[in-house]
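Each value in this text was obtained by applying a stated rule to the coordinates, not by laboratory testing. Model, not experiment: these values are computed from the prediction. In this analysis, Cβ positions are derived from the backbone assuming ideal geometry, glycine residues included, and neighbour counts consider all displayed protein chains.
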Amino acid sequence: MKILAAYLLSVLGGNTYPSAVVLKDILCSVGAEAGDDRIEFFLSQVKGKDMTELIAAGREKLASVPAGGGGVAVAAPTSGAGGAAVPAAAAKKEEKVEEKEESDDDMGFSLFD
């Protein structure tokens, strides 16, 4: 990751195809180290490729990766439904939240009743 960061910094600085020496200099300037073999491998993978195209391709791949807490996906209501339909799971969850709020309304003064 740090090699990629150094590479991108160099590209943003105007060096379209930075060399291993340039990447090593950038890494050393911030106290980071990377092996020459790893830098050479990275450079061989990106040689002759445009960074913006690589980033765009990576974003497309990441778009297919599921992210989140594993909850159930709920589709938005269509315009024909008028938003009146509420999924049963959402309604139950809402009821639980309301019950909790109601039970906290006494604020601990029930001892004096």
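Some notes on this structure:
- Dimensionless Rg ratio for region 11-50, taking C-alpha atoms and the 2.2 N^0.38 Å reference: 1.15
- Peptides 15-28, 32-45, 51-64 ordered by average Cβ neighbours within 10 Å, highest first: 15-28, 32-45, 51-64
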